[in-house]
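Rule-based calculations on the coordinates, nothing more; no lab input. Since we're looking at a predicted model, the values are computed, not measured. Here Cβ is always computed from backbone atoms with ideal geometry, including for glycine, and neighbour counts include all displayed protein chains.
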Amino acid sequence: MPEIKMPEINADFSRAAKDVAAVAKDATYVVIGAGVLGFQQVQVQRQELRKRLADPKVGLEDRFNAVRSDLSGALHNVDTTVEGLMERFEEIIERLETAVAPLEDRLPVQARDLAKQAHVQAKEARTQLRTLIPSA
């Protein structure tokens, strides 16, 4: 029988796992940062509303309409930003899953099962995160 040589697989799974974790961590920070910025924007609008209402001059109805319009615009901007960030986050996750899939196929059966469980849990976490993000 001829001798069959198996090619060496030069894959550093721990480094790949660390890279995946780092990207997920960065994406989480981006989403949280967008939420904080949105909240701060709403706070600024609230302060402006207080200032407008504190000045009892003419056109109270016009002021309410202007503030309502400003707040609506700010909420729309926050929603658009959060939706864009979530789409980018999903794209990153899809790219990572595509890149890691060939490595997972090389894993032993038990490790492959654990990786599949991790994928399921990650999808559930993303679904829960989407339900927590309010939309205007």
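Across D26, D70, D62, mean-square fluctuation computed from a Gaussian network of the chain (C-alpha pairs under 10 Å connected) peaks at D62. Relative to the longest principal axis of the C-alpha atoms of the chain, give the angle of the C-alpha long axis of helix 13-54, reported between 0 and 90° and rounded to the nearest 10°. The helix 13-54 is inclined about 0 degrees to the chain.
In the chain, the calculated helix contribution to ellipticity at 222 nm averages -30500 deg cm²/dmol per residue, counting -39,500 (n - 2.57) for every DSSP H run with n ≥ 4. Size check on the range 69-136: the Cα extents along the three principal axes, sorted descending, read 58, 19, 7 Å. The charge dipole of the range 13-132, taken about its Cα centre with unit charges on the Cβ atoms of Lys, Arg (+1), Asp and Glu (-1) only, comes to about 380 debye.
Solvent-free Debye calculation, one equal scatterer per alpha-carbon of the chain: log10 I(q)/I(0) at 0.09, 0.17, 0.19 Å⁻¹ equals -0.48, -0.98, -1.11.
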